[in-house]
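To keep things clear, I will list the structure first and then write my remarks on it.
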Amino acid sequence: SPNYPEEYGNDEFCNMSFVTNETAVLQFQHFDTESDYDNLDFSGASASGSFQDLELQGHRLDSNVIWSSDSIGRATGWRVCARAPTNNAWSVWGTCLVAPDDSACIMSPNYPEEYWNDDFCEMSFVTNETSFLQIQCFDTEPGYDHLWIGDNRISGNSTKAFELSGHRLEGDIFWLSDSTGRATGWRICARTSTETWPVSGPCPAARESRQEPSRYEPSRYEPRSENEPTEYETSAWSNMEAVAMTLIMPLLCLVCQCAFACRLLLKPMPFVGATDVSATAPLHNGPFRASNADTGYFEYQVPEGTALGGTFRCRSPFGNTMSIAVPQVASAGSWMQAVDLVQGDAKPSGPNERQELVFAAKELQGQQGGFAGADYLHKALGAEYWGITMDSFASFMEAVRTKFAAGDLVNTGRVPYPQDKFNSSQIGPNMYQVNDQVIKPMTADASLDLPGNSWALMSEASGTLVTLFVTHAWAEGVYEFERKLSNAWPKDKNGHMDGAAYICFLSNPQNLDISQLLSQIETSPFNVALQRMPRPGRMLMIPTANAPIHERLWCAFEAHLALELEIPVALGGSQEELAVNRHRAIEMKAQADHAIVKLVKYREKMLYQVTHCLVCGPIVVISGVVALSSGYEIIHHGMILGFVFFVVMLIKNLSHLTTMKALVRQARGGQLVDVRKAQCTSEDDARMIRAAIKSREESINSLLARIIIFGEPSDPSSEAASAVV
C-alpha cells in the first residue's frame, strides 16, 4: 500500500495486475486497514480490517487487485505477494518473512536486525510429509515478546527454545511483540529429517551488533594494593560524594519507587468510565426545622454565599433531592419556608392499602364509567408502583406480534417512517405507532375492570415497585427495544430477570391526560419514580439506531436526575448510538481503548519494577554500607537505571491519562451529544425541563460522553469517580 509500512493516505485508488505465464496464489504478509471502509478487492471478494478478518490468503491470482481508501481513518496498510503454489511451503499471515536462502525457513520481521514493536504473525507449514522443527536462532525481549509453538510459549534467550528442535511440527505458530523493547528475533525451519541438521545455537551476527561492554570490571572496583595504580584513586572522591553515590542516590530511587507503588496499589488505576459526580454542584444538607412529613413542609436556613433570587440544591429532610429558589428579601442565615412536593404528594405504599385503592377505583368505575376508575387509581397510587415485570413485557410483545401478523399494525403516523424498518424483524414499528395502534386500544377495552389503566396497572392493578428505570426515545423500533432491554435487564445469580421497570409508554396511562401528569416536573411520574426507587436503584439507557435518545429533552432530564440522585447507569446497546455524531464517537472510542490498553500495560511494568526494587533495594543499601566501611565505592548503575525506566513508564502513564482527559473535555463541550440542543414536543414541557437542568448541561454532556467513549460508568460513589475530570 502507499507509504508502507507507515500509514496510507485517504481517498486513494490503485488497480494492480500480476503478469505471468504460471499459476500464482496470493500471499498476505501484512494486512491492517480501516474495517468496512478501506478495501482490497479481488475476484469479486473484498478484504478489510485485520488478519483475523482475512479470507483471501492462498486464493488463486486470476484477476486484478483493486485498492481504495475513503476520506477519513487510516492504518498501516498491506503487503501482498504473488507466489507459486506448493505443498511444502510456509503460509504466513503478518510481517514475518520466508527466508530468501531457504524456503523451508521463516524469520522474524527485519531479521537479522531487530524486529518491530506491536507486531503479530500467524504461520503454518503446508506439506504432505511429516516435518520437524529446527530452531536456528532465538533472541527476544524476555517476558514480553513471545513465540507460540503448539502449547509452548517462549521468549528471551533461554535454552527452552532450542529444546524444541526435533519436535514434530503440528498446528500454527504465532508471533507477538509488545510496544517497547526489541531484540534480534528468531529463525526457525521445517525439516523432514533430524539426522543432518547444522548445529542450532546463538545468533552471532546480530549479537555482535548488540554486544555491550561488561558492567563489572574488577580492575576498576576491586581493592588494590597500596602501590598499585588505579583509574579512580580513592583520594579523588570526597566522603560526601562517596556517600551520595553509594547510598543516597540508590536510597532516593528506592523511596520514590515505593511511594509510587503505594499510590498504585492503594488507589486503583482510575477507570475513566466513572460518573462525573465532581461536575455536579454539592448538595446543601441543612440545617432544617419544623418539618411535616404529611405535607412536605419544612423550614431551611439560607446557606452562606447564596445569591438572592438565585437557587441552590438540597436534600430535603425527607430524603428527596430538590432545588430551592431563594427570595430576594432573604439574607444568609435567615430561616425560610419550602415544600418538598414529592413528599407532599406521597401515596399509600402498603400492599393492603394499595389493594383498597383498587377496590375504590372499581367502585368508582361502576358508578361513573368511562376512565373514571383508572384516573382515580393513577392519581392515588404513586408512580413508584407503576413498574412492569419482564413477564408483563413479554405479554405486551406477544400482543404486538399478533397485531402485526394480523395486519392491524400498519405504517402510518405524523412523521413518515421507512417501510424497510417497519417490516424489519430487527427494528419494527416505532413506539408512536405501537402506542396508537396497540397500547391505547387494548388498555381502553370496555370489558376490562379498569379501562384506561396503563399497561403496567392493567397487568397488576395494585402495582409493582419500580427497581429499574428505563430511559429511551419513542423513535426506536419496538423489536430493537425488546432485544436490547432483554439483554440488559439485571439478572440474579440464577439468571432470573427479577424486579420491575418504569418504561414510560407502558407505565404511564396513555388514554388519560398525560399533560396533566407532567404539569409539574417535581410531581411528574419520571421524577417520582426515580426519587422513590429503592437505593441505589439503576437507570438503563436504551440507545436506538433510528435517533440519538438525548435529542429528546425528557431523556436529558432523566440523565440529569441520575446525576443528581447518584443512580448507577447501565447501557443496553451500542455506545456509539447515544451520540449525535456517531462517526466521531467511533474515532474517540478507538483512541480511548488504545490509551486504556497502554495504561494497563505500563502499570504492570511499573509494579514489576517496584517489586524488583523492593527486593533488591535493601541489598543494594547494605552493600553500599559495607563498601563505604571497606574504603571503596560502588556506583549502583542498575538501581539508578531502573529508576529512570520507572520515570519513563510514569510519564507514558500520564500521557495516556492526559489523552483520555482531553477526549472527555472535547465531548463535554458537545462534540458527541449536546443536551442544550435537545427538543420536546410540548413547549411548556421544554421550558420546564430547561429550567430544571439549567447550569447542569455540561455535567449531563460529560456523563453521556463517558458512557459513549469508555462504556458503562461505575458506581459514582467510588474513588475513581473523580479520577479523570
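Summary table
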{"item": "Residue ID - nearest to residue 496 (Cα to Cα), chosen from residues in region 391-422 that are among the small types (Gly, Ala, Ser) and in contact (Cβ under 8 Å) with a residue 12 or more places away in the chain", "result": "392"}
{"item": "Flag if residue 549 is of a type in the set (A, V, I, L, M), under 31 Å from the mean Cα position of the chain (by Cα) and open to solvent by less than 40 Å² (accessible area, probe 1.4 Å)", "result": "yes"}
{"item": "Condition check for residue 488: farther than 17 Å from residue 372 by Cα and surrounded by fewer than 20 Cβ atoms within 10 Å (Cβ to Cβ)", "result": "yes"}
{"item": "Residue ID - nearest to the chain's Cα centre (by Cα), chosen from residues in region 672-684 that are under 22 Å from residue 543 (Cα atoms) and in a helix (DSSP H, G or I)", "result": "675"}
{"item": "Conditions (1) surrounded by 13 or more Cβ atoms within 10 Å (Cβ to Cβ); (2) out of contact with any Phe, Trp or Tyr (no Cβ under 7 Å at 6 or more places or on another chain); (3) not small (Gly, Ala, Ser); number of the one not met by residue 14", "result": "(2)"}
{"item": "Residue match in region 678-693 (condition: on the phi < 0 side of the Ramachandran plot, open to solvent by 10 Å² or more (accessible area, probe 1.4 Å) and modelled with pLDDT under 80)", "result": "no"}
{"item": "Sole residue being open to solvent by 40 Å² or more (accessible area, probe 1.4 Å), of a type in the set (D, E, K, R), in contact with a helix residue (DSSP H, G or I) (Cβ under 7 Å, 6 or more places away or on another chain) and within 18 Å of residue 462 (Cα to Cα), chosen from 379, 362", "result": "362"}
{"item": "Filtered residues of region 436-467 (kept if open to solvent by 10 Å² or more (accessible area, probe 1.4 Å), within 20 Å of residue 402 (Cβ to Cβ) and among the polar types (S, T, N, Q))", "result": "437, 447, 459"}
{"item": "Count of residues meeting criterion [part of a helix (DSSP H, G or I), among the aliphatic types (A, V, I, L, M) and farther than 20 Å from residue 570 by Cβ] in region 511-552", "result": "4"}
{"item": "Every pair of residues 6+ apart whose Cβ atoms lie under 7 Å, when the first sits in region 28-49 and is farther than 18 Å from residue 120 by Cβ while the second is open to solvent by less than 30 Å² (accessible area, probe 1.4 Å) and in a strand (DSSP E or B)", "result": "39/47; 40/47; 40/65; 40/67; 40/78; 42/65"}
{"item": "Residue identified as polar (S, T, N, Q), crowded, with 22+ Cβ neighbours inside 10 Å and either within 37 Å of the chain's Cα centre (by Cα) or modelled with pLDDT of 95 or more (or both) among 430, 423", "result": "430"}
{"item": "Options 450, 357: the member that is within 30 Å of residue 534 (Cα to Cα), touching a residue at least 12 places away in the same chain (Cβ under 8 Å) and in contact with a Leu (Cβ under 6 Å, 6 or more places away or on another chain)", "result": "357"}
{"item": "Elements of type strands (runs of 3 or more DSSP E) in region 1-49, at least 3 residues being modelled with pLDDT under 85 and more than 29 Å from the chain's Cα centre (by Cα)", "result": "25-32"}
{"item": "Qualifying positions in region 120-144 - open to solvent by less than 10 Å² (accessible area, probe 1.4 Å), at pLDDT 85 or above and assigned to a loop (DSSP other than H, G, I, E, B)", "result": "140"}
{"item": "Total residues in region 513-534, condition open to solvent by 30 Å² or more (accessible area, probe 1.4 Å) and of a type outside the set (D, E, K, R)", "result": "8"}
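The values are calculated or read from the model by the stated rules, or taken from the named source; none is laboratory data. Here the structure is a predicted model, which means the values were calculated and not measured. Here Cβ is always computed from backbone atoms with ideal geometry, including for glycine, and neighbour counts include all displayed protein chains. We work out accessible area using only protein heavy atoms, side chains counted, and drop any ligands, DNA or RNA first. Shrake-Rupley method; radii C 1.70, N 1.55, O 1.52, S 1.80 Å.
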